[in-house]
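Shown next, in structure tokens, is the structure this report addresses.
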Amino acid sequence: MRDLRASAHTQLVPTPEIGWFRAVTLLFGDLLGLALAWHLAAKLNESFQPLPAEYTLWEFLGTSSLFYFLTLVTILVLASQGFYSSTSQCQNYVKQAQLISFIYLASLVVNYFYDPKLDAPRSLFFAAWFASVGCVFVIRLLMILGIHQLAIARSQILVFIIAPASRIENLTKSIQRRPGYQVIGSTTSDQAYSSETIAKIIQLQAHEVLAEGLPETYLASELYWQLRNAQINLRLAPSSLAMLHRRGTPEIFAGMPTIKISSQFLGIWEYRCKRLLDFLGALLGIILLAPVFIVVAIAIKVSSPGGVFFSQERIGLNGKVFRMWKFRSMCINASDRQAELEKLNESQDGVMFKIKRDPRIIPIGHLIRRLSIDELPQLFNVLMGQMSLVGPRPLPIRDVALFADWHHIRHGVLPGITGLWQISGRSDLDTIDDAVRLDLHYIDHWSLNLDLAILVDTVSIVLFGKGAY
């Protein structure tokens, strides 16, 4: 009989065919990324410092032996860390960048001790280092998106929902809107711990149980262990402010098991890395998307009289007001007409203003809103330090004026172009409470890897246009 502490064989692992296809594809993608990086670095280096003869002893197909050596080491190190596992679906892009950086820096040290008199081509090393990190990341990102879509097309994740009665319908719609997921049953939170519920979950052969608002009793542990023994994953949706507004770490304190509540979310270097990612990402995005900016601007001018851009005062970091920019997707007097449309507001609590069939939207507006192209000018807000690529969405003054006190916790971090709202239903969130809980969940669990994961998922969501009005 298996020890409950042993790793469970989840029913959600990809099929062997997908698993091996994934491993081979990622290996090929990394090789392609490294080759592209070295090609770019070599071309750049030719203009500054040609390679010494010692580095071209084993040239093959016009490429230095240095490339083959470092590529082999890089692939072996990544493989040893599980980056080509046929079963693991976890992608730690930050760790990958750290490993590649370590390999290149270590190679400089080894080179020095091998022959201190040898003039190491530092320009090539550093160009190849940065290019390798960037190229491998981008190509692996594209590979993962493709593999993910293929895996979804070949599998179906069965979900059982446990939630308050008022939330079951919304959760069901939100889950089934995503391809590859099927809700096979549900029950209310007050029935979560009954033997009938657990038996039903097992009988339906659920892969995942999504629970929200579970009663806090000792029976929660029993539910967890019964599902754990049946190899069914339990996922807890954020539903309690007490669970969300601080990061908890299990620790033994004075001989007692406790949850330590940390008073600090980010280390100084983590935050600096995030801001560097924001700046470089926004700058690169503006350069690469310049043709899109031009096409959208022309389409807006042809579609509707008025300016190309729309700006509005939003609430940012620590409650500071700033001007946020968007491509104009509505008529020029949209703000003036909002008061007369308040009676049509479809949000349950009236805090966020949203209408699925907003009469103010111009013809081209539906398309650019569905694809979230209207948000692209906010890359300039990121460059100015007013926003981040990932974070809580900045809301208008009108919405923030209706906030409860605890809602303002979200203003403790820079607002973002995308965030958990965008990958968790976007415009389908019904109340500001639901939205703020997602914001606090993001703040609690922030990491560079989470930011990258949100950016990747945002691209997938935008391509399918789910949840945007």
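Coordinate-derived values only; no laboratory data. A quick note: this is a predicted structure, and the numbers were derived from the prediction, not measured. Don't worry about glycine lacking a Cβ; one is built from the backbone with ideal geometry, like all the others, and counts go over all protein chains shown.
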Note to self: So for each of 319-330, 287-298, 378-389 I average, over its residues, the number of other beta carbons within 10 Å; can you give me the resulting order with the highest mean first?
What the structure shows: 378-389, 319-330, 287-298
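For the range 156-237, would you read off the P(r) tail past 18 Å as a percentage of all alpha carbon pairs?
Percentage above 18 Å: 32.
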Note to self: I need the trypsin sites (Lys or Arg not before Pro) found in the range 347-427, filtered to DSSP loop residues with at most 16 other beta carbons within 10 Å of theirs.
What the structure shows: LYS354, LYS356, ARG357
Next item on the list: Treat the count of other C-beta atoms within 10 Å as a stand-in for reagent exposure and order VAL413, VAL94, VAL109 from fewest to most.
Entry: VAL109, VAL94, VAL413
Notebook entry, point to check: To the nearest 0.05, how large is the calculated FRET efficiency for GLU342 and THR431 if R₀ is 22 Å and r is the Cβ-Cβ distance?
Noted result: 0.85
Check: In the range 317-469, how does Rg compare with the Kirkwood Rh, expressed as the Rg/Rh ratio over alpha carbon atoms?
Finding: 0.93
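In debye to the nearest 20, how big a dipole does the range 268-464 give about its Cα centre with +1 on each Lys and Arg Cβ and -1 on each Asp and Glu Cβ?
660
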Next item on the list: Tell me the label-point distance for the pair GLU222, ILE184, using the 7 Å Cα-to-Cβ offset, in nm and rounded to one decimal.
Entry: 2.4
